[in-house]
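Just so it is clear, none of the values below were taken in a lab; they were calculated from the coordinates. Please read all numbers here as calculations on a predicted model, not as lab measurements. In this analysis, Cβ positions are derived from the backbone assuming ideal geometry, glycine residues included, and neighbour counts consider all displayed protein chains.
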Amino acid sequence: MGKRIITAAITGAIHTPTMSPYLPITPKRIADESVRVWEAGAAVAHIHVRDPETGQPSSSLDLFREVITEVKDRCDIILCLSTGGGAGMTTEERVAVVREFKPELASLNFGSLNFALFPAVSQYEEFKFAWEHQHLSISEDAIFPNTFKTLREFSGFFKENKTKPELEIYDVGMLNNLAFMIQQGHIKKPVSLQFVMGILGGIPPTMENLMFLHQTARQTIGDFVWSVCAAGRHQMRMCTTSLLMGGNVRVGLEDNLYV
Ligand code: KMH
Ligand code: ZN
């Protein structure tokens, strides 16, 4: 069965500071946690950055630079920079990290979805920062846009900069998108898939659905490297299932606040 790849998604753009005092916010904390996961055995750190004062997800290249420089000075963990970014960022802002830093790996979200976080609003009586309530509530009526044009353009930037895409698959139809983009020559095999399960708006986090995703990927794409992450309490169960099936795992405070 060999070794498994552990990706640690350090902070993401979903959770907000009110939800956990442990959510890394400053570039220094994000870098420190990336080094700590490397020491603990993770091979990849998936990186987003946040405004150091408020914790709001940011696309600032200066903040990314601070994190990347500090991490690369201290260890050789592979960095997977996010091109998913956060709510409200333009596609140009999201892909800028690939053009600027030419990372070894970066995420490439393989379809559009209504990435819904709004049910979390009712779980908190008050929020630490003003932006948090709106960040969660607007997701009821917002699409995370990853159109075929965006996929084509992003794929071009990845190729130009020799960055390997980690393909984020939130539902089975996105494998159909991927088969098409491979067939058109925009994405090169072998591909690396990250099945993201349990996002409201995407595929439910069940064992049967993971088998369905896996089997559909086999049928439509052939061989692939794959990993699983899941939202919130589903993370541990779905990551365990992935390991049992021979897959890799993604953990970290981006997707859940515990593992
Ligand atoms: N936040 C995850 C559910 C990205 O950064 O490109 C998916 C993700 C997207 O990690
Ligand atoms: Zn991410």
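Taking the criterion of being more than 14 Å from the chain's Cα centre (by Cα), closer than 19 Å to residue 226 by Cβ and aromatic (Phe, Trp, Tyr), the only residue of region 155-178 that qualifies is 158. A count restricted to region 54-94 and to residues that are within 14 Å of ligand 2 (Cβ to nearest atom) and among the aliphatic types (A, V, I, L, M) stands at 5.
One line per residue, one yes/no per condition, for (1) out of contact with any His (no Cβ under 9 Å at 6 or more places or on another chain); (2) of a type in the set (Asp, Glu); (3) under 23 Å from residue 182 (Cα atoms):
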{"position": "230", "(1), (2), (3)": "yes, no, no"}
{"position": "237", "(1), (2), (3)": "yes, no, no"}
{"position": "243", "(1), (2), (3)": "yes, no, no"}
{"position": "247", "(1), (2), (3)": "no, no, yes"}
{"position": "254", "(1), (2), (3)": "no, yes, no"}
{"position": "258", "(1), (2), (3)": "yes, no, no"}
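Residue by residue, here is whether (1) over 15 Å from residue 258 (Cβ atoms); (2) away from ligand 1 (no atom under 15 Å from the Cβ); (3) not acidic (Asp, Glu) holds:
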{"site": "13", "(1), (2), (3)": "yes, no, yes"}
{"site": "16", "(1), (2), (3)": "yes, no, yes"}
{"site": "29", "(1), (2), (3)": "yes, yes, yes"}
{"site": "47", "(1), (2), (3)": "yes, no, yes"}
{"site": "51", "(1), (2), (3)": "yes, yes, no"}
{"site": "55", "(1), (2), (3)": "yes, yes, yes"}
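Between 140, 125, 132, the distinction of being away from ligand 1 (no atom under 16 Å from the Cβ) and surrounded by 14 or more Cβ atoms within 10 Å (Cβ to Cβ) belongs to 132 only. Tallying residues that are within 16 Å of ligand 1 (Cβ to nearest atom) and under 16 Å from residue 26 (Cα atoms) within region 64-80 yields 3.
May I ask you to list the residues in region 10-23 that are under 18 Å from the mean Cα position of the chain (by Cα) and more than 18 Å from residue 74 (Cα to Cα)? 11, 12, 13, 14, 15, 16, 23 - these are the residues of region 10-23 that are under 18 Å from the mean Cα position of the chain (by Cα) and more than 18 Å from residue 74 (Cα to Cα).
Among the criteria (1) surrounded by fewer than 19 Cβ atoms within 10 Å (Cβ to Cβ); (2) more than 13 Å from ligand 1 (Cβ to nearest atom), the one residue 210 does not fulfil is (1).
Every test in (1) at positive phi; (2) more than 13 Å from ligand 1 (Cβ to nearest atom) is passed by residue 85 save one, and that test is (2).
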